[in-house]
Structures are given as C-alpha cells and as structure tokens.
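What follows is one structure encoded as structure tokens, with my remarks underneath.
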Amino acid sequence: MVLDIPRDATHTPDVGHDIWPIILSYLRRPLPLPYSRPDRSALAQGDLARAARVCKAFLGIIIPILYRVVLTDNFPLLIMGMSKKVTTLQSPLFYTKNLYIEYRGKALEPTYLQYLTHPDLTHAYGVNESGKVLMRRASCVREVKAWMDTLAWFQMPGSSMARILPKLETLAISSIYGKLHGRMWNEYESLAALSTNDGSTIHEVLASSNIRHLCVADTYGPLSLPTPAHLPKVLGNFTQCLHFGGGDIFNPSETYPQDLLSLPLGRPVRWVSQYPSTADLFGLIGYMTGIIKHAVSDRRLAGAPHHPRSRSVDLEIYCSSARMRSAVFPKEAWAELGTPITPRPPAQPYFVVSDPEQKGAVQQNLDLLLEALRAQGGKYDSVKWFISPETPICLACGCGPPA
C-alpha cells in the first residue's frame, strides 16, 4: 500500500492556514521559573525545532513563534552563527521581543585531552577540588572572550543592537540560574587580565538598542550593572533592575548578604531582594545603606557643594524581612518606631517582624539615609524604600516577591 503524504503539511482539507499557527504554538515549552535552576536541557525548544523541519510552510510559521521569546546560555554563538544574515529582514531575530541570557554551565569533568595534558587535575577517584576550580576558571575565560568578540561586533558600523534586534523590548540576564559560583568571576578576571566586569561595554551596546526593561540577577558577572566609575558615555533609555540573593543558600546565622550591588549614578535603578523571609532585617538594611553611601562617596572628591542630576541617586529598593535577630537589635530599640514589636518565645533567637513593623524600620532608616545624602550635597538624590511583600512583578524576567 502506498501512502499519499502531501509535501506541504498545511495543505490539508480540514485545517485552514490561519489555524496552523495556533496549533503549532502549543509545541512551545514554557520558560523555566526564575531561580529554578533546571537541567540545561530545559532551555531547548526541541519540539518546535523538529516541527520546523517538516516542510517550508511549517518553517515559516514556526520561526516567529520560536524567536519571539529567546532563551539561550550561549548568546555569542547564536549571534555569530547568524552574522551573515542578521542585518536583513530574513533574520529570525527580527521577531525577538523578549531575550533571556544565561551564563554557560561550567564544566566539572575534564575532556580526554585535559586528562593527557593536565594530569594534576585528577586523582585516583576523579577530579580533585582544585582541578574543578581550574576548569571553572578556564570556562569563564573562554566565555568572556566570546562575549568580548560579540560586543565588539555589535559596536561595528551597521551592527548596532537596534538593527540586529529591532523589536527587542526586555532583556533578563541570569534570571533562571541566578548567581553562579560566588566570586568566581572576580577571581578569573584578575588572572586572565580581562577588564569586563565593570559592566560598561555591555551597556554601551544596550544604549543603541530599543529595550525598555533590563534586569540582572548575577551581581558579579561580566554583564552586571556598571559601577559609578565605569558608567558608559551614552546611557540607554530603559529601566534597570538588579535582583540579588536569588538562588543562594541563605545561612540564618549570617548577618549580611554577600552580593556586589552596583548603583550607577544619574539614572533610575531598582534593587530587588530575593532573600527569603528568614534573612535578618537589620543585616539587609545596614548592608544596603552602606552600599549607597559608598557609591556616592566619590562625589565629594569633586569639591562642589551640590552635585548635578547627572551624578545623583535615583533608586528604588524592595527589600525587607520578617525576622530580626535579637542579638543585633534589642527589643527596646523598637520603642522609637512608635509600634510594639511582636513578642517572641523565650528560646527563639529572633523577633518576628510584621509588615507594619518592617515599614517602620525601613522608613526610619530611610529618613536618616536621605539626611546624610543631603549633607553630602545630594540635592537631587531620590531613594524610595519598600518592603519585600510590595515587590512588583519584574517586566523583564517575571520574578515577583520572594517566598
């Protein structure tokens, strides 16, 4: 028996051309949740990719579905693989509106060549700990070199991000895997002599884009927000959100978080805490207050009594916690807030802090902070501080209030 299979799968008597895009859109796998850290295979869209090979008609339908939202942990390979056609309307990136960029997974198992050339990486039972560190560092170096080549290409005439990704609206960096390997980025940079983690280059590229919202969740990575000393000359017209604490294993005995919070001056920035409610409220408030004061300390070197808007702080903070360690903030201190703190059991090493109490503590600290900024000449400085339950949904990564 010979089966009569049509060459064009869309030419079927029962299904119209306007129905196929609806049907094929159900093949798209949902994005992994923020900070879910799934297996790397969850980033692929294998069903859509296989369906695109059925016929040319399916390919034309699937390309806009597949590339409208792009999730990749190898953006340099994606861009350079399309370099011959990215400046034309035939580029699939013409349809991209939402872009999710993750850093590459760092290999922990050496290749056969590494076994032969670096026998010191292993011992009788596999890779030793120092060998894993060396391999992660080598992976970081290779990844950043690829990023440097890609960013340099974006800065060439005719290759701006606005032309390559003309419809791009949101960009989320490291929103699914969060902060990886702690301070590994800083360690490898000094050894590899790659000055990339100041964040200026990527933001010079983004300044030429059409994006409206940017969020970054790895505070140490080479695509993090720039420091005040490395602000690009041209600032893009988009909101910046820095998520910190997401994906970390929080130790309740630690008073302060271990994140590198960047505060670019002269533009709107939002800090959003993803630390759980078991974090210490006093530690979070004190840590971020210190970061703000440090970020603006260099303005005093100019010697001017007042600083222009281009050097002012424009910051929104969404950060608080439902716990306060009694060892660092005694109960009597809450009397100044005008509201009594929730009593705690005698054996409990922390106070339970309600939402109104969190607002009182945050507001008291905010008043002192703004007074200190004004005394330093920050006439135009603006800081707004909200508690974590009031955190809005991020327009770039979809992340909301911490659990």
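The values are calculated or read from the model by the stated rules, or taken from the named source; none is laboratory data. Keep in mind it's a predicted model, so treat the numbers as computed, not measured. So basically every Cβ, Gly included, is an ideal-geometry build from the backbone, and we count neighbours across all protein chains shown.
Points to keep in mind about this one:
- Residue match in the stretch 329-352 (condition: of a type in the set (Gly, Ala, Ser), at pLDDT 70 or above and either over 28 Å from the mean Cα position of the chain (by Cα) or surrounded by 12 or more Cβ atoms within 10 Å (Cβ to Cβ) (or both)): no
- Residue in the stretch 71-93 that is modelled with the lowest pLDDT, counting only those that are touching an Asp or Glu at 6+ places or on another chain (Cβ under 9 Å) and part of a helix (DSSP H, G or I): Met80
- Set Arg53, Arg68, Arg104: member being modelled with pLDDT under 85, at negative phi and touching a helix residue (DSSP H, G or I) at 6+ places or on another chain (Cβ under 9 Å): Arg104
- Qualifying residue in the stretch 94-101 (condition: modelled with pLDDT under 60, in contact with a helix residue (DSSP H, G or I) (Cβ under 9 Å, 6 or more places away or on another chain) and surrounded by fewer than 18 Cβ atoms within 10 Å (Cβ to Cβ)): no
- Cβ-Cβ under 8 Å pairs, at least 6 apart or on other chains, the stretch 203-216 side over 18 Å from Phe244 (Cβ atoms) and touching a residue at least 12 places away in the same chain (Cβ under 8 Å), far side in a loop (DSSP other than H, G, I, E, B) and charged (D, E, K, R): Glu204/Lys233; Asn210/Lys167; Asn210/Glu169; Ile211/Glu169; Arg212/Glu169
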